[in-house]
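Below is one structure; the comments refer to it alone.
The values are calculated or read from the model by the stated rules, or taken from the named source; none is laboratory data. Predicted, not measured: the structure shown is a model, and the values here were computed from it. As a convention, Cβ positions derive from the backbone with ideal geometry for all residues, glycine included, and neighbour counts pool all protein chains shown.
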């Protein structure tokens, strides 16, 4: 076919990178064997609102006004993937878990149905498949409490997480791939599977193990567990199927890479860049969030916890408590130890990089969260 490739971006909330495999997710693993699997992909934030801002703009969330405030206009004044595809006359559609809040004031997203109605998404493809399209799905089926009450899943979090990811692979992805094959558009479709962030199971071993809320499993920390996400890419004309890209990349690289592959103009302010399968170099990965593990329930709406992954090191800055830590990720100690005194130059270099990013921040504390948004966050299990 002589037309631009269709693009489908599947984002399943909170999926840990280690939940993907030949036995856990056979259909998804088969897709990886026909495309590219990225082993080290790092989110830009550990919860949905800022992470999604970064994913769809290629811009780190601290540079986007309102990125850490649920219910704000989505990425105001920034160019998103939706804008680029709409400008190129693609049909755009978004199926999200919370249509009243996610992508507010972003008509280019074409938000229509809820993500918990997979047949509606398949119907959308049937209606639009004769025209180039960009389809975005953000599903909560893999997010705690997995359709159950939080109390009923205590002690079963890992088991139910894996079960939910398996169900996505076998009950949602399989029918989607079958439809694309039936419509004869699979080989003309760029398909990506990823997540906005992971889950930090270490919380389940601590004092909040029996009374955690969603923000305890993701949102409060910047561990590798919560930031490393799966990324599988299938695209037309791939020359080496089954590639495994082992170098570290970032979620901010995903949008620039998609546009590069379908030959659309780049995003003007992106911090990320297209991904070369030949590039063996780990990219430095920055992430931030607006809470710390011991912060109160009322969070500031600007980042207070920052981290940078570079080479074998992770540097962490807690601005609320004026603390900094350097961790050696190659260490085999069961509990991470601060090695700043052993590597003072490395600690200073990474601290300076984070300070530079902090100086680029577009964020400040907005008015107090409205009652409507507070109620919505409580319903979602965050407050």
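Looking at 109, 75, 51, can you tell me which residue is crowded, with 24+ Cβ neighbours inside 10 Å and touching a residue at least 60 places away in the same chain (Cβ under 8 Å)?
51
How many residues, within the stretch 170-185, are touching a strand residue (DSSP E or B) at 6+ places or on another chain (Cβ under 9 Å) and either under 14 Å from residue 31 (Cα atoms) or in a helix (DSSP H, G or I) (or both)?
The qualifying residues number 5.
Output the number of the condition that residue 65 fails; it satisfies all remaining conditions of (1) in contact (Cβ under 8 Å) with a residue 12 or more places away in the chain; (2) in a helix (DSSP H, G or I); (3) surrounded by fewer than 24 Cβ atoms within 10 Å (Cβ to Cβ).
All conditions are met except number (2).
Being surrounded by fewer than 17 Cβ atoms within 10 Å (Cβ to Cβ) and in a strand (DSSP E or B) is the filter here; which residues of the stretch 303-323 pass it?
323 - this is the single residue of the stretch 303-323 that is surrounded by fewer than 17 Cβ atoms within 10 Å (Cβ to Cβ) and in a strand (DSSP E or B).
Would you please name the residue that is nearest to residue 188 (Cα to Cα), looking only at residues in the stretch 122-158 that are at pLDDT below 95 and in a helix (DSSP H, G or I)?
158
Can you find a residue in the stretch 348-366 that is at pLDDT below 65, in contact with a strand residue (DSSP E or B) (Cβ under 9 Å, 6 or more places away or on another chain) and crowded, with 17+ Cβ neighbours inside 10 Å?
Taking every residue of the stretch 348-366 in turn, none turns out to be at pLDDT below 65, in contact with a strand residue (DSSP E or B) (Cβ under 9 Å, 6 or more places away or on another chain) and crowded, with 17+ Cβ neighbours inside 10 Å.
Residue by residue through the stretch 186-204, note down the ones that are under 24 Å from residue 223 (Cα atoms), surrounded by 18 or more Cβ atoms within 10 Å (Cβ to Cβ) and either out of contact with any strand residue (DSSP E or B) (no Cβ under 9 Å at 6 or more places or on another chain) or at pLDDT below 95 (or both).
Within the stretch 186-204, 199, 200, 203 qualify.
Would you pick out the residues in the stretch 133-154 that are more than 20 Å from residue 219 (Cα to Cα), out of contact with any strand residue (DSSP E or B) (no Cβ under 6 Å at 6 or more places or on another chain) and in contact (Cβ under 8 Å) with a residue 12 or more places away in the chain?
Hit for the stretch 133-154 is 148, nothing else.
What is the one condition in (1) surrounded by fewer than 16 Cβ atoms within 10 Å (Cβ to Cβ); (2) in contact with a helix residue (DSSP H, G or I) (Cβ under 9 Å, 6 or more places away or on another chain); (3) closer than 23 Å to residue 286 by Cβ that residue 246 does not satisfy?
With respect to (1) surrounded by fewer than 16 Cβ atoms within 10 Å (Cβ to Cβ); (2) in contact with a helix residue (DSSP H, G or I) (Cβ under 9 Å, 6 or more places away or on another chain); (3) closer than 23 Å to residue 286 by Cβ, residue 246 is out only on (2).
I'm checking my understanding of the structure. Among residues of the stretch 321-335 that are touching a residue at least 12 places away in the same chain (Cβ under 8 Å) and within 16 Å of residue 310 (Cβ to Cβ), which one is nearest to the chain's Cα centre (by Cα)?
329
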